[in-house]
Amino acid sequence: MILVFGSLNIDLVFAVEALPRAGETVTARHFQTLPGGKGANQATAAARAGADVAMAGCVGDDGFGRSLLAALGGNGVDVGLVRRVSAATGCAVVAVDAQGENQILVASGANALARAADVPEALLAPHTTLLLEREVEALESAALARRAKARGARVILNLAPMGPVPEELLAASDFLVVNEPEAATLLGGETAGPSAAAAFAARRGITMIVTLGAAGAMAHSPDGSGLSVGALPVAPVDTTGAGDAFVGVLAAALDRGEDLAEAMRRASVAAGLACLKEGAQSAMPTAEEIEAALARLGPATALVPG
């Protein structure tokens with residue numbers, strides 16, 4: 001099973017011709033209120049891909065919180081570990097331009113109160129895949145990752161949004177998923193080439209996966225091996241949920257026993273399909289949609305060291 005410890009947000013989505021510059025007011029073509037939050041998005045992506053998923057986190061005791069729980073439950077996610085608190089439900093303001101690119105502003109709200117102690121020990125077992133991101137307190141994620149690792153669970157960390165990462169969180173993670181800017185920040189350079197990512201993976205004993213947008217994704221394993229997958233060719237409508245689709249479907253495939261190459265192919269297909277609809281959770285593809293589109297993406301290829 002997959003246990004997601006992460007954020008739940010209401011997304012206020014504005015469709016605009018062009019993203020606003022500093023100090024500029026832009027009039028939106030239309031506006032939507034949609035369920036979001038990286039944790040909830042990834043939980044939805046994994047559940048729609050066929051995984052058994054439970055969500056742990058916090059929402060406010062308000063209309064937004066009730067709406068988020070209903071959306072997750074409707075997608076088959078177990079929300080029994082989502083705690084209702086007095087703080088307001090987390091909220092994100094998302095601007096999406098005519099090319100599908102976005103800008104996002106997030107208020108953590110209730111997400112700041114998510115606690116590792118809310119997750120019972122019985123759920124942390126060798127058959128569990130723990131999925132983490134950075135929209136809840138990093139020290140709480142680190143505490144939960146440490147417990148999970150000690151009990152033999154698989155730990156996947158999505159380092160988004162980028163920020164300080166406790167050493168114990170990295171040490172307890174088996175897989176690290178980052179995009180190109182996040183990889184560059186983590187590795188201390190303007191760009192993050194394959195050699196730097198491979199060296200990091202070997203040094204830290206972690207499989208590092210770098211998503212590359214329209215160029216696909218690369219994976220570097222601690223043993224020095226690596227692989228690359230392409231991206232599904234699409235004309236994007238909204239890229240908001242693509243990264244979360246990749247992570248959630250990657251987790252679902254690994255949890256099901258797929259090897260890394262096949263898991264990354266499925267994740268890349270899911271990310272492409274998620275760009276074809278507006279919103280985040282509403283855009284996550286089903287297992288059947290992913291299966292139908294797999295033939296449009298070639299096989300993973302080995303990366304040559306060096």
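None of the figures in this text is laboratory data; all of them are computed from the coordinates on show. Model, not experiment: these values are computed from the prediction. So basically every Cβ, Gly included, is an ideal-geometry build from the backbone, and we count neighbours across all protein chains shown.
Observations on the model:
- Taking all C-alpha pairs of region 215-258, those more than 16 Å from each other amount to 54 percent.
- For the chain, the longest site-free run once GluC sites (Glu not before Pro) in DSSP loop states with at most 11 other Cβ atoms within 10 Å are removed: 25-189
- Pair-distance profile P(r), taking every C-alpha pair of the chain, with 20 angstrom steps and integer %: 36, 59, 4
- Sites listed here are trypsin sites (Lys or Arg not before Pro) in region 1-85 whose DSSP assignment is loop and whose Cβ has at most 14 other Cβ atoms within 10 Å: Arg21, Arg29.
- Cα pair distances exceeding 20 angstrom across region 147-306, given as percent: 48
- Surrounding net charge for Asp244, when Lys and Arg each add one and Asp and Glu each subtract one, Cβ distance under 15 Å: -1
- Local electrostatic count at Ala49 - Lys and Arg +1, Asp and Glu -1, tallied over other residues with Cβ under 15 Å: -4
- Subtracting the Cα-Cα distance of Thr27 and Asp118 from their residue separation scaled by 0.36 nm leaves 28.6 nm.
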